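The values are calculated or read from the model by the stated rules, or taken from the named source; none is laboratory data. Predicted, not measured: the structure shown is a model, and the values here were computed from it. Counting neighbours? That spans all protein chains shown, and the Cβs are built from the backbone with ideal geometry, glycine included.
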Amino acid sequence: MVAPRRGRRSNGTPARVQRRGHAYGVPRQHPLGSQGALTGCVPIARTESVVTVRGMSYPSDLTDDQWDLLEPVFNAPGKRGRRHADDLRTVVDAMLYVAQTGCQWRYLPASFGPWTRVWSQFRRWSRNGTWAQALTVLHAAARREDGRAEETPSMVVIDTHLARGASNGGLTFHDRGGPYGRTKGAKRIVAVDVTGLPVAALVVPASCHENRASELMLEHMDWQGVTGRLELVLVDRGVTAAAARTLGRHHDLEVRRVGWDDKHPVFRPIRHAWRVEVAHGRIGRSRRLAKSFENSTTSATGWLQVACIATTLRHLSRERARRHPVALAA
């Protein structure tokens with residue numbers, strides 16, 4: 001007689017294989033007893049809900065002084081009146097946290113509230129230009145803190161940085177650009193003043209030429225309202241001489257191309273122009289900008305402006321700590 005297979009009855013009909021352990025909904029008995037076998041160990045009761053830590057702070061959170069400066073921008077009266085200020089402050093803290101850490105939306109800590117709330121508000125502020133207004137307010141405050149006579153600059157330096165695009169799937173604005181079109185991604189345009197702080201920021205596809213990128217940045221600065229005193233614009237040699245003259249006539253400015261005519265074996269910084277390279281390096285420390293993860297120029301511009309805001313906030317904190325050490329210590 002042939003022995004039946006394991007898990008089947010002798011008559012050939014399948015047998016119900018009983019699952020080892022406990023049935024669904026019934027807790028399994030610990031093999032070492034309910035009190036635990038190891039000395040000093042206390043059994044931990046498991047609960048259904050996740051315990052969140054309210055009031056947890058992160059290094060990227062806004063201080064009270066910084067929020068007092070930005071609240072009129074984010075909490076501007078709308079059709080339904082003003083929103084709750086504390087809720088908006090938590091939302092801004094969450095966006096600064098995402099920009100600094102590169103956290104994905106669904107991995108946002110629960111102490112910031114639902115991630116969908118933060119995501120929808122970020123999309124709204126990116127579309128209506130709220131981030132650009134916040135950057136303008138912070139830049140003016142930073143110039144006042146640095147002892148500048150005017151809140152708007154008279155000279156800016158415009159430069160671009162090529163960021164490699166991430167393959168997220170779906171349609172994106174990423175295009176091939178850079179030397180010989182080898183890089184597929186986005187081109188980040190930043191304008192800084194003589195202090196090295198970002199005045200405006202914009203993102204375009206990588207295939208956008210330097211001439212067009214500089215033109216878009218000047219138009220964006222006109223819309224942002226920071227060109228009232230602007231007289232001189234420095235661009236690199238990627239902008240052609242004819243395009244520089246055209247931009248100067250169109251905007252009634254002096255557009256000057258800077259750069260070395262010959263290659264030097266040792267790096268030598270160009271006066272004022274090196275500050276925009278430092279700004280790109282500081283902005284690149286935000287892990288959300290390690291690559292271009294966004295699928296639209298609006299979202300990519302929003303995150304670039306958030307990174308510029310974080311850079312300006314750190315500068316303000318350092319300047320106030322240097323100028324008023326006694327007040328901060330108290």
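In the range 86-105, the residues that are in contact (Cβ under 8 Å) with a residue 24 or more places away in the chain and within 19 Å of Thr130 (Cβ to Cβ) reach residues that are not polar (S, T, N, Q) and not in a helix (DSSP H, G or I) with C-beta atoms within less than 7 angstrom, at least six apart or across chains, in these pairs: Arg89/Leu62; Val92/Leu62; Asp93/Asp61; Asp93/Leu62; Ala94/Leu108; Tyr97/Tyr58; Tyr97/Cys103; Val98/Leu108. If you go through the range 208-247 and keep only what is surrounded by fewer than 17 Cβ atoms within 10 Å (Cβ to Cβ), closer than 19 Å to Thr152 by Cβ and not aromatic (Phe, Trp, Tyr), you end up with Glu219, Asp222, Gly225, Gly228, Arg229, Glu231, Leu232.
Before we move on, is Ala140 surrounded by fewer than 21 Cβ atoms within 10 Å (Cβ to Cβ), hydrophobic (A, V, I, L, M, F, W, C) and under 23 Å from Asn75 (Cβ atoms)?
yes
Selection over the range 197-255 of residues that are assigned to a helix (DSSP H, G or I), hydroxyl-bearing (Ser, Thr, Tyr) and out of contact with any Leu (no Cβ under 9 Å at 6 or more places or on another chain) gives a count of 1. Scan the range 160-167 and tell me whether some residue there is surrounded by fewer than 23 Cβ atoms within 10 Å (Cβ to Cβ), in a loop (DSSP other than H, G, I, E, B) and in contact with a Ser or Thr (Cβ under 7 Å, 6 or more places away or on another chain). Yes, because at least one residue in the range 160-167 is surrounded by fewer than 23 Cβ atoms within 10 Å (Cβ to Cβ), in a loop (DSSP other than H, G, I, E, B) and in contact with a Ser or Thr (Cβ under 7 Å, 6 or more places away or on another chain).
Scanning the range 150-157 for residues that are within 18 Å of Thr297 (Cβ to Cβ) and free of Cβ contacts under 8 Å to residues at least 60 places away in the same chain turns up nothing. Look at (1) crowded, with 18+ Cβ neighbours inside 10 Å; (2) modelled with pLDDT of 95 or more; (3) more than 22 Å from Trp67 (Cα to Cα) and you find that Ile309 fails only one, number (3).
Table: residues versus (1) surrounded by 14 or more Cβ atoms within 10 Å (Cβ to Cβ); (2) out of contact with any Gly (no Cβ under 8 Å at 6 or more places or on another chain); (3) at pLDDT below 95.
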{"residue": "Asp262", "(1), (2), (3)": "no, yes, yes"}
{"residue": "Phe267", "(1), (2), (3)": "no, yes, yes"}
{"residue": "Arg271", "(1), (2), (3)": "no, yes, yes"}
{"residue": "Glu277", "(1), (2), (3)": "yes, yes, yes"}
{"residue": "Ala290", "(1), (2), (3)": "no, no, yes"}
{"residue": "Asn295", "(1), (2), (3)": "yes, no, yes"}
{"residue": "Gln305", "(1), (2), (3)": "yes, yes, no"}
{"residue": "Glu319", "(1), (2), (3)": "yes, yes, yes"}
{"residue": "Ala330", "(1), (2), (3)": "no, yes, yes"}
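Here Ser120 meets each of (1) within 19 Å of Ser60 (Cα to Cα); (2) within 17 Å of the chain's Cα centre (by Cα); (3) without any contact (Cβ under 8 Å) to a residue 24 or more places away in the chain with one exception, condition (1). Look at (1) surrounded by 14 or more Cβ atoms within 10 Å (Cβ to Cβ); (2) part of a loop (DSSP other than H, G, I, E, B); (3) not aromatic (Phe, Trp, Tyr) and you find that Arg282 fails only one, number (2).
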